[in-house]
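Student: Have a look at the structure that comes next, please.
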Amino acid sequence: MSEIELVDVRAGYGRAAPVLRGFSVAVPAGTVVCLVGPNGAGKSTVLKVASGLLSPRSGRVLVGGKDLTGAGPQRMLAEGVALVLQGHSVFREMTVEENVLLGGYTLHDRTEKTRRARFVKELLPVVGERWNSLAGLLSGGQQKQVEFARSLMVDPKVVLLDEPSMGLDPKATSTIFDQVVRMRDAGTAVLLVEQNARRALETADLGCVLDLGRVHISGPAADLLADPQLGELYLGGRPAV
Amino acid sequence: MTLTTTGLRKSFGGVVAIDDADVSFLPGRVNALIGPNGSGKTTFFNCVTGMIKPDAGRISYGGRDLTGRAPHVIARAGVGRTFQLCRIFPRLTAIENVLAAVRPGGLLHGLRSAHRRHELERAHHWLTRLGIEHLAGAEARNMSWGQQKLLELAGVLMAEPATILLDEPAGGVNPALLDRIGTLVRELNAEGRTFVIVEHNMDLVMSISDHIVVFDRGRPIAAGPPAEIRADDRVLGAYLGV
Amino acid sequence: MPSVSKGVFSYGLPALVLIAAIAVFPSLAPNPYVLSSGVIVLNWAVLATAWNFVGGFTGYISLGHGALAGLGGYATGLLITKASLPSFAGLLVAALLVAALAVPIGFAALRVRGASFVIVSIALVLILLLVFQSWSSVTGGSRGLVVPRPFPGMLRPEHHRVFFFLYGGLLLLALATWWLLDRSRFGMGLKAIREDEDKAESLGTPTFAYKLTVFVVSAAFTALAGGLYALWFGDLDPVFQFSVLTGSYIVLMALLGGVRNLYGPVLGAVVVGVALEYFKVEFGNTPLHLVTTGLLLGLVVMFMPDGVIPSLGAPAKRLRKRQDSSIREVTAADLAEQRRGRTEVKS
Amino acid sequence: MPSGALLFQSIILGLLLGGMYALLAAGLTLYFGIMRVVMIAHSAFLILAAYLAWWTNDRLGVDPLLSLVVTVPLFFGAGVLLQRGLLSRLRPATLTMMSVLITFAIALMIEGLLGYAFTGTQRRIRLGYGTASFELFGARVAVVKLIAFGLAAVSLAALYVLMKRTQFGWALRATIQHRDAARLVGIDTERTAGFGFGLGLATAAVGGTALSLDTTIYPSLHWHWIGPLMAIIVVGGLGSVPGAAAAALLLGLAQSLLQIPMGATWAQTVFYVALFATLAVRPQGFFGGRLAQRF
Amino acid sequence: GGSDDGGGNSGDDPIVVGISLPLTGDFSEPGKGVQEGYEAWAKITNDKGGLLGGRKIELKILDDQSNADRVVADYEQLIGSDQVDLVVGPFSTRLVVPSARVAQEYGMLFVEPAGAAAEVFNQGFKNLFYAAPAVADDHYNHLAEHLLALPEGEKPKTVAYAAMDDPFAQGTAYGLKKKLEAGGVRTVVDEVYPPNTTDFGSIAAKIAAAKPDMVVGGSQYQDGVNLIVALQQLNYQPRLAAFSTAPTNPEFAKAIGNKTEGILSPTGYSQDAPYPSNKEFVEKFTAQFGKAPEEDQANGYTTGQVVAAAVEAAGCAEQGECQQKMIDWLHSNSVDTVVGPLRWDATGKPQGAHMIQQWIGNDIKIVLPADAKEADLLYPKPAW
Ligand SMILES: Nc1ncnc2c1ncn2[C@@H]1O[C@H](COP(=O)(O)OP(=O)(O)OP(=O)(O)O)[C@@H](O)[C@H]1O
Ligand SMILES: Nc1ncnc2c1ncn2[C@@H]1O[C@H](COP(=O)(O)OP(=O)(O)OP(=O)(O)O)[C@@H](O)[C@H]1O
Ligand SMILES: [Mg+2]
Ligand SMILES: [Mg+2]
């Protein structure tokens, strides 16, 4: 059974034409599914629907087999679905400490909070180094790391990541992909959106190419990587080094 | 026109963001500026474009001293830039976003219509080259992350600066499009434009740049052509990691 | 070109209607009272249009424009009484003086943005009120200032008619200026400032100079309206000349009509100006007119945040242009195909 | 040269006045500094609370301070409703500007309804201890002013602790700074923002009651307060409770002392001079305030 | 009369009197008082059969929100649009001047109940008449005479003045100041505060620190109360304390916690004044409103009486030439009113002085001038 499943979802913003036009995806436990596609294809929209930030116009969202269509992010989090947003979403005028600890807002066990805080500080050294700075004053990549750290404060069953490596230096990128692998190994279902598509597909189990709000093609990640036409249209030709 | 900084320093409270940086970017090249997160690349751009005032040091462009000048003065001297946290005019349409980059010269010029045919054509040209021509009439705030990124780039190109500073142009942009951006940069470079690109996508950096400067903790620790940089031990240790 | 016909329908036709309305209103007005209300409405219309130079283009919300009008009125009055200038010379010099004064004021106020600017603009009103109340040797203090009549001996209905046309002319001038700016590159720069000031500056727009210039233009028109009011009305009292309420009514009017539209503030001024008059007649002897004004403002903000004109225009626009959505209608593969085709044709 | 006794008396009066200012401005730091809402109606709510205190005293004959039992929860509820019903429906992009107008509308309505219910008459609570005072090193301290000062100290301390030390305070700041991210960490942003606003209005209930003890009130009085209160929170640094308190004390003191040579009218300009000076020199405020100048 | 005008004014058309009053806003309290005065005048006159042999009086009252723009629009509406027959004045100097100008430019007679400050009379109005005994500067004339006549040792030596920055309130205090200074009494504090001041701590501190023999407040109502309370909080005990307007208000004693002992105030009206029409006024007013009339009510009523006299004398009441007839008549005649006989100079300024009242025991009594007094002036005043 899939930890999270979107079935024939149609969704969009305001009164405009729908962005997702009958999109379906399923992420089983212990699996990384990578979503790639051109800019504006609707990848972030998929994650917003899956996390409850955006209600679909039709279709269903199933979490652990339960129908949670239309539930808000609070409910989704309670059911074990967590999303890291694209771009920058730190609380700018709060310190790194406050940001990270807020990641554990739903935890009530203090020692658990402290333990996890220690873990993220170790994993991402920048977070520990800048513990008392205002998050809004960090560099772009540092903020991104704080956001990732924030999401690690809880232990969800489904993790939705929207371009987690954007703006990160190679070391931090590796740390994050390693952590994704670790989560998968621990049985978490990961839905990953990445423009660093080759790297992401190398990590992922399944791949899914999204275009025009529909699944263009999906299959084992390795197969997608090997498809030359996909490479040209969506993954970019690997430049000669 | 060479962009040079000498002894540039900037610290925020206890954090030294740029530490005595002597850097120079020669004209007609595609330069890259790389370094780990928080090494001061964006701050360097901010100093050079006048968005923040350096604590010490000089910035000169083609022999002209630009230290402490207002951002618009620097922009008019021919230095354009994009932002890492992508900045567009949210409630203007894509085409207006690009048109807004046309700067009027004098008063009479300023009172001329902003929608003259010649300018409109140029604006469409840039949208097309960046693959977002279908969005011309859409409000910028309704675009996806990557689309906004491309729109910002289109705006800067419309202003036709001689030197273009790009802060992570590849962040969030689809790889297929990225190849085209790389080509675009090379083409514009061939027309005589200078680029300074901050980027973490090493494939892109290595493939398009002629000259790379590496920052670490606010200091340039290495500079040279891609092949040299890739082999530099300090760079490997500080940035690329192994 | 579609933009030409758009120009005719959204600018030309209303302009003709407006000019015709100004021309015939005085002869249609059944009595001097209605005519004087017309003068008041036109005064509001000029003020709201003048405000819209700052509010509409740059997005800086000033609640302090009432004070600029007050300055215009006082300057006119003082120039006539203390410097014995002829009435209308006094008016013009006063407008120039206020415009000059707007430079330092703008210099201080425009350094801050958003909410802080709102506060500064409120502070401007309050501080001018204190100054004009206290500095009685020059301003007459809280006793106010009496401005001599520009046409002594003229009967009141005739007086109203003259000022109605003067205000009408001023309004048309203000509208023409706004229109000129709106379509210009300068205007585009101002709109860019409204959207993202830092970004505009990094594109080479001298944002501060732009803001200051448009603020000064706005102040000059505001002062002209204020000065004309002083000549028409004759009595200046600091409490009413420097009132936050005036500034707020101006904002309400501009907002109600729509700040991004040439005629928005005029429409707003007509609606609110007439409504104020109506509420007063209807609820005259209770404070309920405040409640109704508040209610009106609240409804506008909640349900028509872009103003009446855009909300009326929106459905029509949707009919005209259905393909407004930003999503692509072709896949990456099709696009690649097209591109290949194009490059082939080109080369 | 004013006598030493007059100086000392003015200092005492200035501090008491400053404490009062701090209390009145407390709510503003909350919605203005933290929630980015320019709340023009704050002082109208202060006057409303003052009227309720006066009314309680006038009709029921009980001490106006007792009205707090009713007004504090009432205002809290009103704040929650206001936020949920009106402010949360505004577009985030234009929140600052639209909040000015919507709260301005509310202020007008409150003024109009107060005028309707209580007429424009000036009202003043009649207290047995209204003119009572005691001597402190040669200066006289009025009992009512001291009570108001005490209320201010207690409320500000409570507010500070709430914002800095509690989950709620953190959640509120997070909600305002990035609503989607806050929702994603599990914060009920609707409720939090509502409570935040409610809290601000609750301070208005306390402030208005304190105000009613020693001044005359009338429906249009709130215009008089807007300027000084706004100046205080800007000088203090938007969003900083201790900053606002310090600025309030300082400006209260300055106003009181300046009245000796300059007279009451000119002395009031100290608020605006301080406001302009702050914005010119340190737009983020002198005491707190961090990134706030750019919103 | 009236048969010679072709306007079709039949004998029993009501005479419409247009008034704008500040029923809301800063001046709403006195504004309502004046309104009651006007209403009482209309009712009493109509009960007696109206004017001009049977024409009833009809009041048309608009609210000007205490706002000068509005007051002008109101009179504009009343005269231009509603075509009222007569207009009478609003409340407060600030509103009287602009409205008198409208009336003048429409050629209307303008009798007003409240524009007491000096500048009302130097605007060159020819149609204006102030329907009260004295202008603001002259309110304290009797007190000044009395104090200056005291033997050297008893005369107050130092005085503190605190006046609201308002033409009327300041006029009263400065009228007294001018006369006392001329008589050699030293001014030790001279404070002017803006109308919206609510905190009087500092002003009171300044006064208390100077320890003057006498304190004079040029006050409206609320500021007077606040100033007195602030002075009491500082435990300052002057030998004489005079405040305009506030102490005559029925709410005054309660407002300052009944510590009223010895406070002085000028007044233009007393319910016990011996003028013939006053008895009728007090009686019928009390019957109509359930309370006795105060100064504001009397001012409104007086205005009505003046207008009625002019109407009867001119034998007409409508817009046009009739107005000039009434104006001319008032300039050369005196009218008997509830505040005594009134006559005016060419600027419309009345030629009289106010009485001085003092709080003695729990009541306010007339103490000056000697021929009208109900009690002796307490000086020095008891502690408050
Ligand atoms: N808030 C919004 N309002 C209206 N339209 C929107 C909004 N956000 C996105 N869109 C539109 O929806 C489409 C899909 O956007 P989405 O953000 O899901 O794309 P994406 O695949 O994540 O792209 P990217 O790779 O650039 O992040 C785009 O065409 C965009 O213009
Ligand atoms: N306004 C500021 N206030 C305080 N510290 C700042 C500010 N701007 C930058 N810094 C600090 O300066 C350092 C350099 O930041 P900068 O943004 O220049 O890094 P960067 O090289 O662009 O990193 P990235 O690759 O993550 O974008 C960081 O440690 C950052 O925290
Ligand atoms: Mg996206
Ligand atoms: Mg950076």
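Student: Could you give P(r) for segment E:219-302, binned at 10 Å from zero, as whole percent values over all Cα-Cα pairs?
Tutor: In whole percents, the pair-distance histogram is 16, 43, 27, 13, 2.
Student: Which translational diffusion coefficient, to the nearest whole µm²/s, is obtained for chain C from the Stokes-Einstein equation, given a Kirkwood hydrodynamic radius over C-alpha pairs, 4 °C and 1.567 mPa s?
Tutor: Taking Rh from Cα pairs, D becomes 59 µm²/s.
Student: Would you mind calculating the gained length between D:Leu146 and D:Val70 on full extension (0.36 nm times residue separation, minus the Cα-Cα distance), in nm to one decimal?
Tutor: Roughly 25.1 nm would be gained on extension.
Student: What does the C-alpha gyration tensor say about the overall shape of segment D:94-204? Classify as rounded when a/c is under 1.5, otherwise prolate if a/b is larger than b/c, or oblate.
Tutor: oblate
Student: Run through all the Cα pairs of the protein assembly as shown and give the fraction in each 10 Å bin from 0, expressed as whole percent.
Tutor: The calculated distribution, bin by bin, is 1, 7, 14, 18, 18, 14, 10, 8, 5, 3, 1, 0.
Student: Let me ask something else. Starting from the Cα of E:Glu261, step 7 Å toward the Cβ, then list every residue of segment E:229-245 with an amide N under 19 Å from that point.
Tutor: Only E:229-243 fall inside the zone, counting backbone N under 19 Å.
Student: On to the next question. Which residue fluctuates most in the GNM of chain E (Cα springs below 10 Å): E:Gly320, E:Gly257, E:Gly268?
Tutor: Largest GNM mean-square fluctuation: E:Gly257.
Student: Let me know the mean shielding of C:133-139 by other chains, meaning the per-residue number of their Cβ atoms within 10 Å of its Cβ.
Tutor: 3
Student: Against the longest alpha carbon principal axis of chain C, how many degrees, from 0 to 90 and to the nearest 10, is the axis of helix C:244-257 turned?
Tutor: Here the helix axis deviates by roughly 40 degrees.
Student: Can you give the helix-only mean residue ellipticity at 222 nm for chain E, where every DSSP H stretch with n ≥ 4 adds -39500 (n - 2.57) and the sum goes over all residues, rounded to the nearest 500 deg cm²/dmol?
Tutor: Counting only the DSSP helices, I get -11000 deg cm²/dmol.
Student: Report the one residue of D:Met163, D:Leu258, D:Ser88 whose Cα lies farthest in the direction of the positive end of the charge dipole of segment D:4-281 (charges on C-beta: Lys and Arg +1, Asp and Glu -1; origin at the Cα centre).
Tutor: Farthest towards the positive pole: D:Ser88.
Student: Within segment C:148-186, find all residues whose amide N lies under 13 Å from a label point positioned 7 Å from the Cα of C:Ile19 along Cα-to-beta-carbon.
Tutor: C:169, C:172-173, C:176
Student: Still on this structure, I have one more. Through the Karplus equation 6.51 cos²θ - 1.76 cosθ + 1.60, θ set to phi - 60°, convert the phi angles of segment E:370-384 into ³J(HN,Hα) values in whole Hz; use x for Gly and Pro.
Tutor: Computed from phi, the couplings for segment E:370-384 are 4, 6, 10, 6, 9, 7, 7, 5, 8, 8, x, 6, x, 5, 10 Hz.
Student: Over the whole of D:124-135, what's the average partner chain Cβ count within 10 Å per residue? Rounded to a whole number, please.
Tutor: That works out to 4 on average.
Student: Compute the Kirkwood hydrodynamic radius of segment D:121-267, taking the inverse of the mean of 1/r over all pairs of distinct Cα atoms, and give it in Å to one decimal.
Tutor: In segment D:121-267 this quantity evaluates to 17.9 Å.
Student: In sequence order, what are the phi-derived ³J(HN,Hα) couplings for segment B:202-217 according to the Karplus relation 6.51 cos²θ - 1.76 cosθ + 1.60 with θ = phi - 60°, rounded to whole Hz, with x for glycine and proline?
Tutor: Along segment B:202-217, the couplings run 5, 4, 5, 4, 5, 7, 10, 8, 9, 9, 10, 10, 10, 9, 9, 6 Hz.
Student: Could I ask something else about it? Rounded to the nearest 500, what is chain A's calculated 222 nm mean residue ellipticity when only DSSP H runs of at least 4 contribute -39500 (n - 2.57) each, over all residues?
Tutor: -10000 deg cm²/dmol
Student: Turning to a different aspect of this structure: At 7 Å along the Cα-to-beta-carbon direction for both C:Ser311 and C:Val138, put a label point, then send me their distance in nm to one decimal.
Tutor: 4.5
Student: If I model a spin label as a point 7 Å beyond the Cα along the Cα-Cβ vector, how far apart are those points for C:Phe151 and E:Gln237 in nm?
Tutor: 6.7
Student: Taking the Cα centre of segment B:106-176 as origin and charging only Cβ (+1 Lys, Arg; -1 Asp, Glu), how large is the dipole, in debye to the nearest 20?
Tutor: 240
Student: Moving on. Whose amide H sits under 5 Å from the amide H of E:Val111, counting only residues 5 or more places off or on another chain, with H placed in the peptide plane?
Tutor: Amide H to amide H, under 5 Å and 5 or more residues apart or across chains, E:Val111 pairs with E:Gly89, E:Phe129.
Student: Continuing with this model, one more query. As I understand it, the dipole of segment D:4-281 uses +1 on the Cβ of Lys and Arg and -1 on the Cβ of Asp and Glu, about the Cα centre. Which of D:Thr278, D:Trp54, D:Leu184 lies farthest toward its positive end?
Tutor: D:Leu184
Student: How much of the calculated P(r) for chain B lies past 22 Å, in percent of all Cα pairs?
Tutor: 54
Student: Could you give each residue of segment C:150-161 its phi-based ³J(HN,Hα) in whole Hz, using Karplus coefficients 6.51, -1.76, 1.60 with θ = phi - 60°, and x for Gly or Pro?
Tutor: Karplus-based 3J(HN,Hα) across segment C:150-161 equals x, 10, x, x, 6, 5, 4, x, 5, 3, 4, 4 Hz.
Student: Report, by chain and number, residues whose modeled amide H sits under 5 Å from the one on E:Thr337, excluding near sequence neighbours (fewer than 5 apart, same chain).
Tutor: Those qualifying (amide H under 5 Å, at least 5 residues apart or on another chain) are E:Leu342.
Student: Taking the convex hull of the alpha carbon atoms in segment E:47-157, what volume per residue do you get, in Å³?
Tutor: Cα-based convex hull of segment E:47-157, divided per residue, equals 170 Å³.
Student: I would also like to ask the following. Which number do you get for Rg(Cα) / (2.2 N^0.38 Å) in chain D?
Tutor: 0.99
Student: Further question on the same structure: How big is segment D:203-273 on each of its three principal axes, counting only the C-alpha atoms and giving the largest first in Å?
Tutor: The Cα atoms of segment D:203-273 stretch 33, 29, 18 Å along their principal axes.
Student: At 0.692 mPa s and 37 °C, plugging the Kirkwood radius over alpha-carbon pairs of chain E into Stokes-Einstein gives what diffusion coefficient in µm²/s?
Tutor: So the translational diffusion coefficient is about 154 µm²/s.
Student: Label points 7 Å out from Cα along the Cβ direction at C:Leu96 and C:Ala83: separation in nm?
Tutor: The modelled label-to-label distance comes out at 0.8 nm.
Student: What is the magnitude of the charge dipole of the protein assembly as shown about its Cα centre, with +1 placed on the Cβ of each Lys and Arg, -1 on the Cβ of each Asp and Glu, and no other charges, expressed in debye to the nearest 20?
Tutor: With Lys and Arg at +1 and Asp and Glu at -1, about 4220 debye.
Student: Over segment A:90-155, what is the relative contact order in percent, taking alpha-carbon pairs closer than 8 angstrom and at least six residues apart?
Tutor: 53
Student: If you don't mind, another one. Taking every residue in A:149-159, how many Cβ atoms of other protein chains lie within 10 Å of its Cβ, on average?
Tutor: That works out to 1 on average.
Student: Let me ask something else. For chain D, what is the calculated [θ] at 222 nm in deg cm²/dmol (nearest 500), taking -39500 (n - 2.57) for each run of four or more DSSP H residues and dividing by its residue count?
Tutor: Counting only the DSSP helices, I get -23500 deg cm²/dmol.
Student: How high is the relative contact order of chain E, in percent, with contacts defined as C-alpha pairs under 8 Å that are six or more residues apart?
Tutor: 19 percent.
Student: Report relative contact order for segment E:294-384 in percent, whole number only (criteria: Cα-Cα under 8 Å, sequence separation at least 6).
Tutor: For segment E:294-384, the relative contact order is 15 percent.
Student: DSSP beta bridges in chain B, what fraction antiparallel, as a percent rounded to 5?
Tutor: Of those bridges, close to 55 percent are antiparallel.
Student: What three numbers, in Å, describe the spread of the alpha carbons of chain A along their principal axes, ordered from the longest?
Tutor: Per principal axis, max minus min of the Cα coordinates gives 47, 47, 35 Å.
Student: Which of the listed residues, B:Val73, B:Gly224, B:Pro169, is farthest toward the dipole's positive end in chain B, when Lys, Arg count +1 and Asp, Glu count -1 at the beta-carbon?
Tutor: So the residue we want is B:Val73.
Student: Report the residues of segment A:148-192 in range of a label on A:Glu202: point 7 Å along Cα→C-beta, backbone N strictly under 13 Å from it.
Tutor: Taking a point 7 Å out along Cα→Cβ of A:Glu202, the residues of segment A:148-192 whose backbone N falls under 13 Å are A:170-171, A:173-175, A:177-178.
Student: Further question on the same structure: Treating the beta-carbon of each Lys and Arg as +1 and of each Asp and Glu as -1, no other charges, what is the dipole magnitude of chain D about its Cα centre, to the nearest 20 debye?
Tutor: 640
Student: Most mobile of D:Leu46, D:Leu23, D:Leu253 per a Gaussian network model of chain D (Cα springs, under 10 Å)?
Tutor: Highest fluctuation among the options: D:Leu253.
Student: For E:Val215, what residues show an amide H to amide H distance below 5 Å, using hydrogens built from the backbone and excluding near sequence neighbours?
Tutor: Under 5 Å from the amide H of E:Val215 lie the amide H atoms of E:Ala160, E:Leu240, E:Ala241, E:Ala242, each far enough along the sequence or on another chain.
No value in this document is a laboratory result; all are computed from the given coordinates. If you're wondering where the values come from, they're calculated on a predicted model, not measured in any experiment. Positions of Cβ are backbone-derived with ideal geometry, glycine not excepted, and every protein chain shown enters the neighbour counts.
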